[in-house]
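What follows is a structure written as structure tokens; I'll ask about it next.
The values are calculated or read from the model by the stated rules, or taken from the named source; none is laboratory data. All values derive from a computational prediction rather than experimental measurement. Cβ coordinates were reconstructed from backbone atoms using ideal geometry, including for glycine residues, and neighbour counts include every protein chain displayed.
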Amino acid sequence: MLLSNLVKFLDKYEMKNFKDANITGICYNSAAVKLGDIFLCIKGENSDGHNFAKQAVANGAAALFCEENLDIDIPQIIVNDTKRTMANIAAAFYNEPSKEINLIGVTGTNGKTTVTHLVQKILEENNEKCALIGTLGYKLSSSDEYKEAKHTTPQPSDLQRDLRLMADSKINNVVMEVSSHSLEQNRVGCCDFDGAVFTNLTQDHLDYHITMRNYFKAKAILFENLKEGAFAVINADDEYAQDFISVIPSGVKILTYGVKKDADVKANNVDFSIDGAGLKVEFNGRQEEIKLHLNGMFSVYNALAAFACALAMNIDYKIIINALEKTKSVAGRFEIVSKKPLVIVDYAHTPDGLENVLKAARELTPKESSLICLFGCGGDRDTTKRPKMGKIADELSDKVVVTSDNPRSEDPQLIISDIMTGIKTVDTQRVFVEPDRGEAIKFLKTISKPNDVIVIAGKGHEDYQILKNETIHFDDREEARKVFECV
């Protein structure tokens, strides 16, 4: 694409050293720049892309997208905020692929990954192709392998590239997780969403958003920008439900789901066993039974969200139920890795997430047995949730093992100290501390019996641990299987 055509998608910009050039790619990593790329100078938390512009040019960059005049003799497009206007450049270069796709965004604190997988399964059961983008990466079908993604919602240049790949592969549907960071930073700018799903809003990312109101406002961007004829699916039981509904433009179809309040799709008669959740779902004047392989009330909500989303797309309810009943658990989401004792690995890393998982695990814990929780909290993240998670683990578990998660640049012991302030009484017979996560998982063997239930929370699908000076391979599921009898 010619540089002169690319800039037509920008509202306000300056040009320096203008000379039309054929742009053959977009890149924000100077080391990965190829001949003919436009290099995006992005200011991040730890580095500034402007400082790497000369390296990008040496590697073949044909033009720069930046926020300041650089002493470099190639064409420069200068804007106020490269990060926020990056989406315009990316969408233009890849010829606005989202307009060729039925694009569904799923946002919320918890449940995004499971809901996207369920929607993908339903669409495929309806004999439609559906790709998925999210925390685990992206894949072109449910049977495909995940391709690595650096963020829950990719940077615009990566996202638009992937959407173009999907559109060119004749994939008509894409369901994607949309994080609050991506909305705030306009990563999904220029994405033409046909539907949006809201799962829930509880404390997370306050190190970034500062207040829950700001967190809500970031999530609300997805719904504020829905076009006429699109649909919105809202969790009626969430305290922010009406706030989200209030920002949805007229002409957008709204469906609600829930368990407690009246909703368009409602569950009742819910029961749980080690095999999953059973429920009756009410919708459109009907009542149908569903038997899920997924467990916990949070899984019921996720299934209802996917059900309502599919109804909004006019998919037959029998197809929806068949797909939901066929779906197994998503990697690292209430994933059972051993049965004696019952060992569950889950990604829960927020107060609400931990509470939901422990309540679900309690449903599966025999009366004379113990519920044991192992967890930690991430470093360089919201510190206020640490004592809250300590309190939740203390109140809902019979035994607690406090350990490290991804400490990053923080001292693991200080993170643990923050968690411990939320534990009412440190009883050495039921509350244990082991900063080494691998050793902590081994320790579970010494405090558990065959009929106990163990929840290893926080990292879920992750196969790494981020330490101060390095990132090492570490997978809770692998470590638990070394210690306990495998499923």
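How many residues, within the range 44-78, are within 26 Å of ASP11 (Cβ to Cβ), in a helix (DSSP H, G or I) and either in contact with a helix residue (DSSP H, G or I) (Cβ under 8 Å, 6 or more places away or on another chain) or in contact (Cβ under 8 Å) with a residue 60 or more places away in the chain (or both)? Spell out the reasoning first.
Start the filter on the range 44-78 by keeping residues that are within 26 Å of ASP11 (Cβ to Cβ), which leaves 44, 48-50, 53, 56, 61-70, 72, 74-78.
Then keep just the ones that are in a helix (DSSP H, G or I); that gives 49-50, 53, 56.
Subset that is either in contact with a helix residue (DSSP H, G or I) (Cβ under 8 Å, 6 or more places away or on another chain) or in contact (Cβ under 8 Å) with a residue 60 or more places away in the chain (or both): 49, 53, 56.
Count: 3.
Continuing with this model, one more query. Within the range 352-380, which residues are surrounded by 20 or more Cβ atoms within 10 Å (Cβ to Cβ) and more than 23 Å from VAL270 (Cα to Cα)?
ILE372, CYS373, LEU374, PHE375, GLY376, CYS377, GLY378, GLY379
Under the condition of being assigned to a helix (DSSP H, G or I) and touching a helix residue (DSSP H, G or I) at 6+ places or on another chain (Cβ under 8 Å), which residue from the range 1-29 is farthest from GLU67 (Cα to Cα)? Even if it seems obvious, please write down each step before you answer.
Initial filter on the range 1-29 (assigned to a helix (DSSP H, G or I)): 3-9.
Then drop every residue that is not touching a helix residue (DSSP H, G or I) at 6+ places or on another chain (Cβ under 8 Å), which leaves 5-6, 8-9.
Working: ASN5: 20, LEU6: 17, LYS8: 18, PHE9: 17 Å.
Filtering first and then ranking leaves ASN5.
Within the group ILE234, ILE254, ILE245, which residue is at pLDDT 95 or above and either farther than 23 Å from MET297 by Cβ or among the acidic types (Asp, Glu) (or both)? Step through it out loud before you land on a result.
Values: ILE234 fails: either farther than 23 Å from MET297 by Cβ or among the acidic types (Asp, Glu) (or both); ILE245 fails: either farther than 23 Å from MET297 by Cβ or among the acidic types (Asp, Glu) (or both).
Selected residue: ILE254, the only one of ILE234, ILE254, ILE245 that is at pLDDT 95 or above and either farther than 23 Å from MET297 by Cβ or among the acidic types (Asp, Glu) (or both).
Out of the range 123-167, which residues are touching a Leu at 6+ places or on another chain (Cβ under 9 Å) and among the small types (Gly, Ala, Ser)?
Scanning the range 123-167 gives ALA131, SER141, SER142, ALA149, SER157.
Could you count how many residues in the range 277-295 are within 20 Å of VAL233 (Cβ to Cβ) and either touching a Phe, Trp or Tyr at 6+ places or on another chain (Cβ under 8 Å) or touching a residue at least 60 places away in the same chain (Cβ under 8 Å) (or both)?
6
Hey, does the range 141-155 have a residue that's under 17 Å from LYS83 (Cα atoms), touching a Cys at 6+ places or on another chain (Cβ under 9 Å) and of a type outside the set (Lys, Arg)?
no
Ok, one more. Wholly within the range 84-195, which strands (runs of 3 or more DSSP E) include no fewer than the required count, namely at least 1 residues that are surrounded by 24 or more Cβ atoms within 10 Å (Cβ to Cβ)?
Values: elements: 102-107, 130-134, 137-139, 173-177.
So the answer is 102-107, 130-134, 173-177.
Now, a different point. What residue, of ASP405, ASP380, ASP394, ASP427, is part of a loop (DSSP other than H, G, I, E, B), at pLDDT 95 or above, among the acidic types (Asp, Glu) and assigned by TED's automatic domain parsing to the domain that holds ILE454? Even if it seems obvious, please write down each step before you answer.
Numbers: ASP380 fails: at pLDDT 95 or above; ASP394 fails: part of a loop (DSSP other than H, G, I, E, B); ASP427 fails: at pLDDT 95 or above.
One residue alone meets the criteria, ASP405.
Please go through the range 57-67 and pick out each residue that is more than 19 Å from ASP20 (Cβ to Cβ) and surrounded by 12 or more Cβ atoms within 10 Å (Cβ to Cβ). So that I can check it myself, show each step before the final result.
Pass one, the range 57-67, residues more than 19 Å from ASP20 (Cβ to Cβ): 58-59, 67.
Hits for the range 57-67 are ASN59, GLU67.
How do the pairs read when you match residues in the range 238-256 that are on the phi > 0 side of the Ramachandran plot with residues anywhere that are surrounded by 16 or more Cβ atoms within 10 Å (Cβ to Cβ), using Cβ under 9 Å and keeping only pairs 6 or more apart or on different chains?
GLY251/LEU226; GLY251/ALA230
Out of all the residues in the range 326-349, which are over 25 Å from PHE307 (Cα atoms) and of a type in the set (Val, Ile, Thr)?
Residues of the range 326-349 over 25 Å from PHE307 (Cα atoms): 337-345, 349.
The answer is VAL337, VAL343, ILE344, VAL345.
How many residues does the range 161-200 hold that are closer than 11 Å to LYS219 by Cβ and either touching a Phe, Trp or Tyr at 6+ places or on another chain (Cβ under 7 Å) or of a type in the set (S, T, N, Q) (or both)?
Of the residues in that region, 8 qualify.
Also: Does ALA348 satisfy the criteria of being crowded, with 24+ Cβ neighbours inside 10 Å and within 19 Å of THR107 (Cβ to Cβ)? Break it down stepwise before answering.
Numbers: crowded, with 24+ Cβ neighbours inside 10 Å: yes; within 19 Å of THR107 (Cβ to Cβ): yes.
In short, yes.
Any idea which residue in the range 303-336 is surrounded by the most Cβ atoms within 10 Å (Cβ to Cβ), counting only those that are among the aliphatic types (A, V, I, L, M) and modelled with pLDDT under 95? Break it down stepwise before answering.
First pass over the range 303-336, keeping only residues among the aliphatic types (A, V, I, L, M): 303-306, 308, 310-313, 315, 319-321, 323-324, 330-331, 336.
Going one step further and asking which of them are modelled with pLDDT under 95, we end up with 330-331, 336.
Details: VAL330: 23, ALA331: 18, ILE336: 16.
Of everything passing the filter in the range 303-336, VAL330 is surrounded by the most Cβ atoms within 10 Å (Cβ to Cβ).
List the residue pairs whose Cβ atoms are under 8 Å apart, where the first residue sits in the range 384-408 and is of a type in the set (Asp, Glu), the second is modelled with pLDDT of 95 or more and in a helix (DSSP H, G or I), and the two are 6 or more positions apart or on different chains.
ASP405/ILE415; ASP405/ARG437
Between a residue in the range 144-159 that is in the same structural domain as ILE171 (by TED's automatic domain parsing) and any residue that is surrounded by fewer than 16 Cβ atoms within 10 Å (Cβ to Cβ) and at pLDDT below 85, which pairs come within a Cβ distance under 8 Å, given they are 6 or more apart or on different chains?
Pairs found: ASP158/LYS150.
Would you confirm whether any residue within the range 480-487 is of a type outside the set (A, V, I, L, M), under 15 Å from SER338 (Cβ atoms) and in a helix (DSSP H, G or I)?
The answer is yes; a qualifying residue exists.
Let me ask you something else. Looking only at helices (runs of 4 or more DSSP H) that fall completely inside the range 236-338, which ones have 2 or more residues that are hydroxyl-bearing (Ser, Thr, Tyr)?
Values: elements: 241-247, 297-312, 317-326.
In the range 236-338, the matching helices (runs of 4 or more DSSP H) lie at 297-312.
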